[in-house]
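Since the structure comes first, as structure tokens, the remarks are kept for the end.
The values are calculated or read from the model by the stated rules, or taken from the named source; none is laboratory data. Computed from a predicted model, the values in this text were never measured in an experiment. As a convention, Cβ positions derive from the backbone with ideal geometry for all residues, glycine included, and neighbour counts pool all protein chains shown.
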């Protein structure tokens, strides 16, 4: 550690010794003053090309090969070279140790900022938020990705690149429908899963006997044995995890194909908490880096010039365009999250009468960090916004709610104004935009015609008239039919049970593996 008032660095240049000093200074503030609890940090400095490569493989340091990753790399590289896009200052990985990638082009100030943001802000959130505790295995993810990479490579050598590619294409198309959405399921242990995968392969090799091909299948079962209720119970229907259902019951998939579906399913589950905590995750990291950088400046560890450089970058990060700005595309998660964290700090330390009425449990309690650590641990975006968005912040951000339904009115009307009822309406409607139960389509496997043509039947429960895009639906169902190897149907029905649309797709058949 440096002595009080001694600068951590001067100017823009940095080296690894300075990075160590920067990390230690940030850690001192994060743990002793903010009370953060983090995984061990692993900081790696990478080039712009390596950052582009990380973009293409969703930020993971290890990943199996797939053509889509190369396509994404070529796209991002072309835009970056033409100056049409910039690159992130950092990428952070939810693992233990927590890996933070820093761009080598960053100045010393920016390296300090991203260490505070990623290595302590995101790191604390990953380790302590309940969703990540329920659904992810930070200690096992890197080993599992290494296993997945080598397993896919082995499959390509043994069964052919095209056959593996088609199976992965289909699995990726269904990736968002290959997750368990509710707690109560057994937490995924990726290291144990890798061991079980090896045991499954050994069992398949030892149990194989070609004589089983000649054994008669016996008489067909009666229709009574294949009754609807019994069939659904045996197959675990209805089931919203389509990849899991296919992995267990698809009649013609080979064991290696089922393992590929399992790999894609586990990776999709790993990313599931991140999709529900974008505002909170980025808000936490932004609030933490702001507090740490401010304290470094107050302690005389960074100069006024370096602090101004930080403030310029921070201001750009939390910029929120107005609704009539061409750049507006919804709420910036950094801006909304950071504003709410600061507002909670204000409510806890310097509340107004309105705050005491709306937030009696936290208003005036005095310990802002204790409240924030509790919030970071126990909420996701939807519940965070629905409980902690204050009337004062709604006024500051000039929030309003518009109602536009051609079936009800000829024009657009303001549906909520700045009164108590309006505040609650705005907060409820904004929170709903982050509720996965509302924004993700509810699609389930509901039946299989085992006694007939083996058609797989799915149902989409339509909410507020939001039907699926026809083109995308047909493409995804085609991949589903290819994996199932028989016809697949999807019915879209409203809450009253009225069928709004039905799709039926026939399998094309995957490439036969060698």
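Do you know which residues across region 115-141 are closer than 18 Å to residue 272 by Cβ and part of a helix (DSSP H, G or I)?
122, 125, 126, 127, 128, 130, 131, 132, 133, 134, 135, 141
Restricting to region 149-192, name every residue that is in contact with a helix residue (DSSP H, G or I) (Cβ under 8 Å, 6 or more places away or on another chain), modelled with pLDDT under 70 and more than 18 Å from residue 245 (Cβ to Cβ).
Residues satisfying the conditions are 183, 187, 190, 191.
If residue 87 satisfies all but one of (1) crowded, with 17+ Cβ neighbours inside 10 Å; (2) in contact with a strand residue (DSSP E or B) (Cβ under 9 Å, 6 or more places away or on another chain); (3) over 30 Å from residue 260 (Cα atoms); (4) modelled with pLDDT under 65, what's the number of the condition it fails?
(1)
So residue 483 fits all but one of (1) in contact (Cβ under 8 Å) with a residue 60 or more places away in the chain; (2) crowded, with 18+ Cβ neighbours inside 10 Å; (3) over 20 Å from residue 165 (Cβ atoms); what number is the exception?
In the conditions (1) in contact (Cβ under 8 Å) with a residue 60 or more places away in the chain; (2) crowded, with 18+ Cβ neighbours inside 10 Å; (3) over 20 Å from residue 165 (Cβ atoms), residue 483 misses (3) alone.
In region 344-361, what count of residues is obtained for those that are closer than 19 Å to residue 288 by Cβ and surrounded by 18 or more Cβ atoms within 10 Å (Cβ to Cβ)?
Going through region 344-361 one residue at a time, the tally reaches 3.
Hey, can you tell me all the residues within region 446-478 that are part of a strand (DSSP E or B) and under 23 Å from residue 275 (Cα atoms)?
At the first step, the residues of region 446-478 found to be part of a strand (DSSP E or B) are 446-448, 456-461.
Selection gives 460, 461.
So residue 338 passes all but one of these: (1) surrounded by fewer than 17 Cβ atoms within 10 Å (Cβ to Cβ); (2) part of a helix (DSSP H, G or I). Which condition number does it fail?
Condition (1) is where residue 338 drops out.
Looking at region 98-109, is at least one residue over 25 Å from residue 263 (Cβ atoms) and assigned to a helix (DSSP H, G or I)?
Yes - at least one qualifying residue is present in region 98-109.
For region 2-83, list the helices (runs of 4 or more DSSP H) that sit wholly inside it and hold at least 1 residues that are at pLDDT below 65, within 30 Å of the chain's Cα centre (by Cα) and surrounded by 14 or more Cβ atoms within 10 Å (Cβ to Cβ); which are they?
By residue number, 48-56, 67-81.
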